[in-house]
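Read the structure below first, then the notes.
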Amino acid sequence: MFSDHSDEPTSFPSTWKTEQSLESGGTQTEEVGTQDEECQVTDQIEAGVQTEEEEQKSLGPAEYDEASLSEFLKRVTPKVLRELDRRARSQAFLGYGAVEEEAGTGGKLLHTLRCNQTDQECVVSGMGWSSTGSVVGVSFGAGEHDDWCSHRGTIAVWNINRSDFDANQPERVIEAASCVLCLAFHPSNPALFAAGTFNGEILVYDLSRTEDVTPLAVGECGGGGVSTLAWVELGDLRGGDGGPHRAPHTLTATTTTGHVLVWALNLTKQTLTLKAGYMVRTQDIPRGVRTQVGEDTGVGIAAASYSPDDPSVFLVGGEGGSLFLCSANPESPTVMDLSGVHLHRCVTATLAPHTGRTLEAQFSPHHRHALLSAGSDNQIRLYSLLQPNKPITATHSEESVTCARWSPSRPLVFAAGLSSGRVVLHDLDPRTGRQQPFITLASPGRAVAVTALRFNHRNMTQLGVGDALGRVLVWQLPTQAVSPLPGELSTLQGLLDILKD
């Protein structure tokens, strides 16, 4: 069944190690070609022109024939006298009075500025002109707030002198986290302006930074809404450490919580530093008009103005119609402080208050002792700084007054904005005998309340008027509203001296 068997062994060589064959190769790119060329700029040619020599005109007396002139006068004189006698006996112009040039016609509406990027309920809350008078800045905010602010604030800037100016498209539109209540341009740098918000922020912008819409510097005012802003040149102030310091062109802000804050702007470091602070308290209100007794809280400030001769003296209008004269050099501090800076008392005198709210308080730009105020009682008053307890004159308006401003060119003229949308210019000069406004600017289209009013201090014929529809009307005023009358300043001095007599 099984048998032995033997075969020859079979083998095969290993193949996992073999010799690799190598072969050399090469490539060559094409030779890069180069070429030189030359160019020559256009030849310049100089040319000159020569004007003709101007002939010198003789300024001596004209030569004429006296005999011929005498003969002409003898011939026409009897005829001229006859016509003059007939004109004197004629009754054709009986009862006719010449109409003054531009009287009652108002001004010319130059531009109607609109910003479509604002909320529908926003009104013009503030406006200002740059130091060159070419740029107008407008702040927008809601007309009323029941509680905190949930609106979007907007700042729009137009340059009305640009060739590509568009009244419906601002040159710059800047958004803020809350309503913007006020705006103020720097007095010498036309690109620099500050805006104050409902949430208590101060935002400083530089328009020369065209690609940047973020603020250059930001300041916090302690929670109260920023009601007014002003650039002033104050002298030695009492700083947070109790020592004096120099603060040229500082930024002052007032708030709805009664604070008057002085800020220093450092353009190099882009910082806004609080240097001094003041407070208007409830105890500063006269007892006859004080609504809160025994409480030492701040009085909401609605208007403020600084004396052009001495900016350390300022005027503020507060809640309940109160008006206060204040000093930036106080002696006694209050018990409060803000951001490490002690808040000083500042009220030195109290003016006769309005009935209702104070809407405007302003120093005269023409006389150091003249003060102007406006209130919701429809009165616009003239005060004397030397005797502030009684107004010198009071102008009553049949319509609700919303704002008022002194004229920068005429010492006795002021403009008042009304709830009907009209702006009227009053003349305090008793020599004119005007009992009614002598210039009226009527709003075109739908009539709504005037909310802001600013004269252009560089081009004094221009007046900017903001209203509750978010429009800004730029008016050109007639000559009689801008050119001062002879002796007008002395007449203002006479009005201020009435109480002394």
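Observations on the structure shown:
- Scanning segment 444-460 for residues being over 21 Å from the mean Cα position of the chain (by Cα), of a type outside the set (Lys, Arg) and open to solvent by 70 Å² or more (accessible area, probe 1.4 Å) gives a total of 1.
- Residues of segment 119-150 classified as more than 21 Å from the chain's Cα centre (by Cα) and either crowded, with 20+ Cβ neighbours inside 10 Å or at positive phi (or both), total: 0
- Restricting segment 368-409 to residues that are part of a loop (DSSP other than H, G, I, E, B) and charged (D, E, K, R), the residue that is surrounded by the fewest Cβ atoms within 10 Å (Cβ to Cβ): Glu398
- Residues being part of a loop (DSSP other than H, G, I, E, B) and open to solvent by less than 10 Å² (accessible area, probe 1.4 Å) - total across segment 412-433: 3
- When Val413, Val347, Val423, Val341 are checked against the criterion of being among the β-branched types (Val, Ile, Thr) and touching a helix residue (DSSP H, G or I) at 6+ places or on another chain (Cβ under 6 Å), a single residue qualifies: Val347.
- First in segment 116-144 and without any contact (Cβ under 8 Å) to a residue 12 or more places away in the chain, second anywhere and open to solvent by 20 Å² or more (accessible area, probe 1.4 Å) and of a type outside the set (Phe, Trp, Tyr), Cβ under 9 Å, 6 or more apart: Glu144/Glu121
- Close pairs from segment 482-499: first farther than 20 Å from Leu371 by Cβ, partner part of a helix (DSSP H, G or I), Cβ under 9 Å, at least 6 apart: Leu485/Thr491
- Considering Gly417, Gly421, Gly470, the condition of being farther than 24 Å from His354 by Cβ and small (Gly, Ala, Ser) is satisfied by Gly470 alone.
Conditions (1) under 25 Å from Val424 (Cα atoms); (2) modelled with pLDDT of 90 or more, marked per residue:
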{"residue": "Arg281", "(1), (2)": "no, no"}
{"residue": "Ala302", "(1), (2)": "yes, yes"}
{"residue": "Tyr306", "(1), (2)": "yes, yes"}
{"residue": "Leu315", "(1), (2)": "yes, yes"}
{"residue": "Asp337", "(1), (2)": "no, no"}
{"residue": "Thr355", "(1), (2)": "yes, no"}
{"residue": "Ile380", "(1), (2)": "yes, yes"}
{"residue": "Leu385", "(1), (2)": "no, no"}
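- Set Ser327, Ser307, Ser322: member being open to solvent by 20 Å² or more (accessible area, probe 1.4 Å) and either closer than 29 Å to Thr393 by Cβ or in contact with a strand residue (DSSP E or B) (Cβ under 9 Å, 6 or more places away or on another chain) (or both): Ser327
- Meets criteria (modelled with pLDDT of 90 or more and surrounded by fewer than 20 Cβ atoms within 10 Å (Cβ to Cβ)) for Asn116: no
- When segment 335-365 is filtered for residues that are of a type in the set (Val, Ile, Thr) and surrounded by fewer than 18 Cβ atoms within 10 Å (Cβ to Cβ), the ones remaining, listed by number, are Val335, Thr348, Thr350, Thr355.
- Only listed residue being basic (Lys, Arg) and modelled with pLDDT of 95 or more, chosen from Arg431, Arg454: Arg454
Condition check ((1) modelled with pLDDT of 70 or more; (2) open to solvent by less than 10 Å² (accessible area, probe 1.4 Å); (3) not hydrophobic (A, V, I, L, M, F, W, C)) across all residues:
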position: Leu207; (1), (2), (3): yes, no, no
position: Val226; (1), (2), (3): yes, yes, no
position: Val232; (1), (2), (3): yes, no, no
position: Leu237; (1), (2), (3): no, yes, no
position: Val293; (1), (2), (3): no, no, no
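- If the condition is being open to solvent by 10 Å² or more (accessible area, probe 1.4 Å) and of a type in the set (A, V, I, L, M), then segment 151-175 contributes Ile160, Ala167, Val173.
- Applying a threshold of 7 Å to beta carbon distances and a minimum spacing of six or more residues, or different chains, the list of pairs starting in segment 308-330 at a residue that is closer than 19 Å to Glu233 by Cβ and among the acidic types (Asp, Glu) and ending at one that is open to solvent by 40 Å² or more (accessible area, probe 1.4 Å) and not in a strand (DSSP E or B) reads Asp309/Arg368.
- Within segment 82-90, the presence of a residue that is at pLDDT 75 or above, assigned to a strand (DSSP E or B) and aliphatic (A, V, I, L, M) is excluded.
The values are calculated or read from the model by the stated rules, or taken from the named source; none is laboratory data. What you are looking at is a predicted structure, and each value in this text was computed from that prediction instead of being measured. All Cβ positions, even for glycine, are placed from backbone atoms using ideal geometry, and neighbour counts span all protein chains on display. Quick note on the areas: whole protein, heavy atoms, side chains included, nothing else; ligands and nucleic acids left out. Shrake-Rupley method; radii C 1.70, N 1.55, O 1.52, S 1.80 Å.
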